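Participant: Got a structure here, written out as structure tokens. Questions coming.
Values in this text are rule-based calculations from the coordinates and carry no lab data. Since the model is a prediction, treat every value here as computed from it, not as a measurement. Neighbour counts run over all protein chains shown; Cβ positions are idealised from the backbone, glycine included.
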Amino acid sequence: MKEKMLDLVLRQIGMHPDCCDQAFCEAIYRDCMESGLAGHSLGMMMLPTYISADGEVPRNEKVIVMDAGGTNFRRAVAWFDEEGHLQIDKFVKCPMPGTHGEVTVEEFFDEIAEHLLPIIGESDRISFCFSYATRALPNMDGRLENYFCNEVQVKDSKGIEVCAELKKALARKGVTDPKHCILLNDSVAALLGGKANVVGKDHDSYIGYIYGTGINCCYVEETGKIANVEGYRHPGMIINMETGIHVGFPQGAADRILDETSELPGDHMFEKMVSGAYLGRVMALTAQLCAERGVFSPQGAALLQEIRSFDLREVGEFFEGNMIPALQGFTEEDEAALRQIMTRLYERAAKLVSITVGCVLQWTGKGKDPERPVCICMEGTTFRKSAVFRDRFFRLEKEYLNEELGVYAEFLECEDTTLAGAAIAGLLN
């Protein structure tokens with residue numbers, strides 16, 4: 001089937017990038033930002049973090065940093081030297097408590113406290129990057145909203161306050177001197193880690209963007225625009241947008257099928273459209289819907305029906321000329337059609353991610369001077385390893401952000417910013 005005919009089919013099922021009207025997507029995203037900041041959380045949570053990115057990072061002042069995410073726990077002592085470069089000492093990596101059988105809350109934090117004991121005297125500040133769903137509190141602690149994750153089993157953990165439990169565990173270990181402890185998530189750590197990577201450069205503001213298995217964004221907001229944060233002393237606060245839950249972008253037929261058959265229908269709608277955890281499934285469903293409309297040969301359609309989700313690594317290899325193993329027997333026309341479908345879905349993802357970035361820059365009024373851009377730290381394997389997405393995304397950076405919106409950003413492709421971000425958070429707050 002020729003390219004134009006396939007694009008027509010993709011439009012008919014709502015899966016073409018053009019089905020996400022730019023003006024509509026911008027308007028509804030900005031509305032959700034505004035309502036979230038007002039405390040209504042309609043379509044996007046816009047969570048206050050009570051963490052600031054303001055100020056110069058102090059030199060040669062140590063902070064204890066920790067990172068708990070997925071199934072790994074890491075801890076170290078960190079500081080910034082005279083030139084502003086991050087220094088890491090006494091680094092330890094180990095499995096997260098609760099990964100080898102269920103533990104109690106007390107057992108979980110006792111094990112973490114045990115890891116801290118050899119370095120607890122290095123600083124009176126502890127900064128904890130905690131990549132599980134928490135709601136930030138005004139004292140810079142965080143309340144666990146649900147549970148950890150399927151791989152980390154902690155009994156009756158819903159509703160705990162993380163730093164408070166850590167301090168209790170340290171007290172049980174005999175640590176009596178007070179510690180200033182703050183909690184942050186991975187997107188906040190990415191934002192602050194970006195700041196750590198551009199020491200000496202002048203940027204108008206900072207954004208942290210996670211585009212990997214999941215998707216999220218945080219940025220610096222004027223405190224006066226945030227509801228219910230009375231008493232916060234900094235002029236700006238990092239907002240955790242929880243971008244993945246956004247509900248306003250138009251869904252196509254494959255998106256609706258995926259959502260209806262997911263564990264939590266109606267939840268994390270934007271994430272289900274574009275993130276690494278779901279994109280392979282969206283591709284498979286879209287190809288199957290196109291097959292029902294005669295896009296593929298009978299043999300190709302039959303092979304597609306056996307696929308639940310494409311592995312994005314195999315998709316990347318497919319674009320490099322290697323056939324996806326499960327599709328041996330595809331005709332050349334089948335290959336061309338599948339490649340076009342996948343390309344359009346990457347283009348849609350690039351378009352929507354660009355819109356989310358553009359809306360933040362427009363909302364804040366930052367990045368209008370090309371000599372003083374906004375620093376955007378991009379993290380996540382989907383962003384780093386999807387060549388087609390990257391090509392479309394950086395093309396849109398020029399066409400959409402620079403030429404159309406008149407805003408400018410410097411994109412940092414960072415890895416492992418969590419400890420650097422945690423260090424800055426602990427030193428500035």
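Participant: In a GNM of the chain with a 10 Å cut-off on Cα contacts, which of 192, 405, 183 has the highest mean-square fluctuation?
Facilitator: Looking only at 192, 405, 183, the largest GNM fluctuation is found for 405.
Participant: Now a separate question. Determine the relative contact order of the stretch 63-184: mean sequence separation of Cα pairs under 8 Å and six or more apart, normalised by residue count, in whole percent. Each step should come with its number before you reach the end.
Facilitator: On the way: 236 pairs, mean separation 35.0, N = 122.
The value is 29 percent.
Participant: Scaled to the compact-protein estimate 2.2 N^0.38 Å, what is the alpha-carbon radius of gyration of the stretch 63-184, rounded to two decimal places? List each step's numbers first, then the result.
Facilitator: Numbers: Rg = 14.0 Å, N = 122, 2.2 N^0.38 = 13.7 Å.
Working it through for the stretch 63-184, the quotient is 1.03.
Participant: A follow-up question, please. Residue 24 versus residue 41, label points 7 Å from Cα toward the beta carbon: distance in nm?
Facilitator: Output for this residue pair reads 2.8 nm.
Participant: Another question, then. Please rank 255, 81, fewest neighbouring Cβ atoms within 10 Å first, as an exposure proxy. Don't skip to the answer; put the middle values down first.
Facilitator: Working: 255 23, 81 10.
Least crowded to most crowded, the residues run 81, 255.
Participant: Taking only Cα atoms and a 10 Å spring cutoff, compute GNM fluctuations for the chain and point out the largest among 349, 27, 287.
Facilitator: In this elastic network of the chain, the residue with the biggest mean-square fluctuation among 349, 27, 287 is 27.
Participant: Taking only DSSP H segments of four or more residues, each worth -39500 (n - 2.57), what value at 222 nm results for the chain once the sum is divided by all its residues, to the nearest 500 deg cm²/dmol? All intermediate terms of the calculation are to be shown ahead of the outcome.
Facilitator: Values: 14 runs with 164 residues, N = 429.
For the chain, the value works out to -12000 deg cm²/dmol.
Participant: Based only on other Cβ atoms within 10 Å, what is the fewest-to-most ordering of 268, 203, 85?
Facilitator: Listing 268, 203, 85 from fewest to most nearby Cβ atoms yields 85, 203, 268.
Participant: Still on this structure: Which residue fluctuates most in the GNM of the chain (Cα springs below 10 Å): 300, 174, 193?
Facilitator: Judging by the Gaussian network model, the answer is 174.
Participant: Add +1 for every Lys or Arg and -1 for every Asp or Glu among the other residues with Cβ under 9 Å from the Cβ of residue 245, and state the total. All intermediate terms of the calculation are to be shown ahead of the outcome.
Facilitator: On the way: positive: none; negative: 242, 267, 271.
Net of charged neighbours comes to -3.
Participant: Give me the number: length gained by fully extending residue 171 to residue 387, i.e. 0.36 nm times residue separation minus the C-alpha to C-alpha distance, one decimal in nm. Mind dumping the intermediate values first?
Facilitator: Numbers: separation 216, 0.36 × 216 = 77.76 nm, distance 4.95 nm.
Taking residue 171 through residue 387 to full extension adds about 72.8 nm, to one decimal.
Participant: Mind running the shape call on the stretch 224-308? Use the C-alpha gyration tensor, a ≥ b ≥ c as the square roots of the eigenvalues: rounded below 1.5 for a/c, prolate if a/b tops b/c, oblate otherwise. Provide the component values of the computation, followed by the final result.
Facilitator: Numbers: a/c = 4.05, a/b = 3.91, b/c = 1.04.
Prolate is the answer for the stretch 224-308, as a/c is 1.5 or above and a/b outweighs b/c.
Participant: Sticking with this structure for a sec: Of 274, 247, 299, which is farthest on the positive side of the dipole of the chain, counting Cα position, with +1 on Lys and Arg Cβ, -1 on Asp and Glu Cβ, and the Cα centre as origin?
Facilitator: Result: 247, furthest along the dipole toward the positive end.
Participant: Tell me the Kirkwood hydrodynamic radius of the chain in angstroms, computed as one over the mean inverse distance between distinct C-alpha pairs. Intermediate results must be reported in sequence, preceding the final value.
Facilitator: On the way: mean 1/r = 0.0438 Å⁻¹.
22.8 Å is the Kirkwood radius here.
Participant: Where in the chain are the DSSP H helices whose C-alpha atoms run 30 Å or more along the long axis and whose mean Kyte hydropathy is at least -0.5? Could you put the intermediate results ahead of the total?
Facilitator: Working: long enough: 332-364 (48 Å, 0.03).
Within the chain the helices that satisfy the rule are 332-364.
Participant: A further question follows. Which order do 330, 394, 80 fall in if you start with the one that has the fewest other Cβ atoms within 10 Å? Intermediate results must be reported in sequence, preceding the final value.
Facilitator: Numbers: 330 20, 394 13, 80 23.
Fewest to most other Cβ atoms nearby, the residues stand as 394, 330, 80.
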